[in-house]
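Worksheet: the structure to be examined is printed underneath.
The values are calculated or read from the model by the stated rules, or taken from the named source; none is laboratory data. Computed from a predicted model, the values in this text were never measured in an experiment. Reconstructed Cβ throughout: ideal geometry from the backbone, glycine too, with neighbour counts over all protein chains shown. Surface accessibility is based on the protein's heavy atoms, side chains included, excluding ligands, DNA and RNA. Shrake-Rupley method; radii C 1.70, N 1.55, O 1.52, S 1.80 Å.
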Amino acid sequence: MIELKDITYKNDGKIILDKITFSVKENEKIVLLGINGVGKSTLLKIVNGLIFPSDGRYYYEGQEITEKKLKDKVFNKFFRKNVAMLFQNPDIMIFNPTVYDEIAFGLKQFDFDKIDERVNYWADIFGISKYLNKSPFDLSGGEKQKVCLASILAIEPKVLLLDEPTSNLDPKTTGWLIDFLNELSITMIITTHNLSMAGELADRTVVLGENHRVLYDGKVEDFLKDKDLLIKANLVHIHKHRHNGIHHVHYHVHDWD
Amino acid sequence: MDKYFLLGYFISVILISIIHNPIILLTIIIVLFLISFKNIIKISKKVILSTIFFTGSVSVLYCIFGIIQNNLNVDYLILINLRVFTLNYLSFFVFSKINLFKALSFSKDLNYVLILSYGQILNYKKLFEEWQLFMKSRVVKQLSFRDYLQIYGHLTALFFEKSFKNAKEISLAMKSRGFFND
Amino acid sequence: MHVPDGFIAPSVYIPAYIVDIGLLTYSLKSLKYKLNEDTLPLLSVLSALSFILMSITFPVLGGTSVHITGVALLSIVFGYWISFFSVSLILFLQAVLFGEGGITSFPINSLAIAFFGSIASAITFKVLNRFLKEDISAFFSGWLSINISAFLIAVVLGIQPIIAHDDNCNPLYFPFGLNITLSALVIPHIFAGFIEGFYTAIAYKILKKKRLFPYG
């Protein structure tokens, strides 16, 4: 469904992504793992057709996605309807006066019928029905995230791209979101720098290394067992610790931030 | 050091803007080229890109009026284009060389407000660009003027909110670092 | 207005600098007296805010776009001294760091756009607000803010050939007189003013609804 071939992205001469190649099948979920600054968000924006690679090709359902192609209004509408992205910062994704309008916005954009019914349906799923007439700006971070997700899922995309979806959430909402995403059967690419989250979100992971290349592509379980790779990805660190007066050294995972 | 450069720059700007002799202006350009030898193309490109719209339209209009009124003064066209190029080349060169914040450090308040603003601008710009990408991702239909008003109105509110929050945070951070102790 | 260096005579921009620096110093001093420790943080975030407001563009007919200044909104919400200082700071940074608008046109822009724009919109709002609805007052305030700036810049450009010309009456700086600059700048801004006006009114209403007002 999604095929990336040797995607390279440069910004001001600096390499952000270096020859990234992998593909994602229909209804497959993958976690894009890597520390901050390896280019995860950039890659997601390329897959969403927002920015375009300096080199390499990107195919969606066999069709190459280029800047020129997306200038075609009919294709642009088809592509945006099918590939949707949840940005990291929910604040920038909100621009309608009420939660209702926020969810209805995409529906109107893509000429859906029965808008009322659909808005209520999605609001119900996300447990935000009581806020429908409220301004989305007054909600908490987790609730805002729910509104954003509802407004994106309402247009029934085939591919959902999520950029660090849990980074602004409290542990309870994080747990809820993980369960929700696990039950959703559409194609998904989720970025995170959080190791323990990776295993909960998907079976397969693509890990970007500090050299901006694909370091690993395979089962999350196997990756988590491979100490050398974990260190190479800079996802774990060796720390000196003191426990009950005894000094020792062990590997340390940094997450649940 | 930067302070004196800045002073020298201001004096040069005034001097260049009272020169009405194309030969002298051309000489200054050559001198500037020699000083900035490595970056001639880069700076020239920037100068042309940033001035072409205004200078170009003025020049073209001046030509049209000149031809209609049979009073086209080519000397003026040469003079104004040379002067615009010289001044803007000088500006781009100087500001790529000096540290503006150091150059303006004669006033503590001015200096800090500039540095703080610059940091905030970069931060806001990033958020704004992210927002533009988001709009690209979600908007496929032509929006009406009314829609734009609503959207920008709410975007404004988002940045206002952020500004109040940041101002408070900066204030606290400055306090904690002892900025107001003297 | 991005007037590059070279079009304005020193006999105009030097006095403009003196007046502008005087006003900026005065505004910073009086703000510090009023706001104390919060002055610098507030001015810096509002400058960044002003930068973003200036990046907002409305698409208009024929594929072109009109960008707003946000001066009226800042001035109504925060008062004209704060608005004047923050907008000027951005105009300055744009001139020296981003290469937009020249260093010699900075004081002209700062006075026309930031100072007179802010003062005119704040006063308009205050006066109209006595007998009109708030958003209507905000609309006129926004409309006037950019029209007064366009008018003043047109005057500054238009007097160049009068104050500086050679013995044969050829211009030395900006070549066109007032009749041309006024019609070229003022007429389009009458229409662009509507966009600034509508924007000011809507944004004011939203800010008010969300209680995003600093002083009460």
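Key figures for this structure:
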{"read-out": "At least 50 Å² accessible surface lost relative to isolated chain, residues of the stretch C:195-209 (1.4 Å probe)", "value": "C:Ile202, C:Ile206"}
{"read-out": "Förster radius 30 Å - calculated FRET efficiency between A:Lys77 and C:Lys205, Cβ distance, rounded to 0.05", "value": "0.40"}
{"read-out": "Distance between modelled label sites at A:Lys134 and A:Ile15, nm, 7 Å Cα→Cβ extension", "value": "4.9 nm"}
{"read-out": "Where a label projected 7 Å from the Cα of C:Ile14 along Cα→Cβ would reach, residues of the stretch B:5-49 with amide N under 13 Å", "value": "B:11-19"}
{"read-out": "Cα pair distances in the protein assembly as shown, grouped into 10 Å bins until the bin that holds the longest one, percent each", "value": "3, 13, 21, 22, 20, 13, 6, 1, 0, 0"}
{"read-out": "For the protein assembly as shown: accessible area per residue (Å², 1.4 Å)", "value": "47 Å²"}
{"read-out": "Chymotrypsin sites (Phe, Trp or Tyr not before Pro) restricted to the stretch B:72-159 and DSSP loop, no more than 14 other C-beta within 10 Å", "value": "B:Phe106"}
{"read-out": "Size of the stretch C:10-209 as Cα extents on the principal axes (Å, biggest first)", "value": "61, 42, 33"}
{"read-out": "Potential extension, B:Asp147-B:Ser57 segment - 0.36 nm per residue separation minus Cα distance", "value": "29.1 nm"}
{"read-out": "Amide H partners (placed H, <5 Å) of A:Leu17, local residues excluded", "value": "A:Tyr9"}
{"read-out": "Length added when fully stretched, B:Ile23-B:Lys97, from 0.36 nm per residue minus Cα-Cα", "value": "24.0 nm"}
{"read-out": "Computed [θ] at 222 nm, deg cm²/dmol, chain A (DSSP H ≥ 4; -39,500 (n - 2.57); rounded to nearest 500)", "value": "-10000 deg cm²/dmol"}
{"read-out": "Whole-percent carbon and sulfur share, accessible surface of the protein assembly as shown, 1.4 Å", "value": "59 percent"}
{"read-out": "C/B buried area, accessible surface, summed, 1.4 Å probe, Å²", "value": "5600 Å²"}
{"read-out": "FRET efficiency for C:Thr25 and C:Asn168, using Cβ-Cβ distance with R0 set to 41 Å, rounded to 0.05", "value": "0.45"}
{"read-out": "On Cα atoms only, tilt of A:115-125 relative to the major axis of chain A in degrees", "value": "30 degrees"}
{"read-out": "In the stretch B:124-158, the trypsin sites (Lys or Arg not before Pro) that fall in loop regions by DSSP, at most 15 other Cβ within 10 Å", "value": "B:Lys141"}
{"read-out": "Distance histogram for the stretch B:2-102 (every C-alpha pair counted, 5 angstrom bins, percent rounded to whole numbers)", "value": "2, 12, 20, 21, 20, 12, 7, 4, 2, 1, 0"}
{"read-out": "Amide H partners (placed H, <5 Å) of C:Val66, local residues excluded", "value": "C:Phe58, C:Val60"}
{"read-out": "³J(HN,Hα), Karplus 6.51/-1.76/1.60, whole Hz, each residue of the stretch B:111-123, x for Gly, Pro", "value": "4, 5, 5, 5, 5, 4, 4, 4, x, 5, 4, 4, 4"}
{"read-out": "Mean residue ellipticity (222 nm) of chain B, computed from DSSP H runs ≥ 4 via -39,500 (n - 2.57), nearest 500", "value": "-29000 deg cm²/dmol"}
{"read-out": "Within chain C, longest stretch clear of exposed chymotrypsin sites (Phe, Trp or Tyr not before Pro) (DSSP loop, no more than 10 other Cβ within 10 Å)", "value": "C:1-130"}
{"read-out": "DSSP-loop trypsin sites (Lys or Arg not before Pro) across the stretch A:112-170, with at most 10 other Cβ within 10 angstrom", "value": "A:Lys114"}
{"read-out": "Projected label distance in nm at B:Ile67 and B:Ile30, using a 7 Å step from Cα toward the beta-carbon", "value": "3.3 nm"}
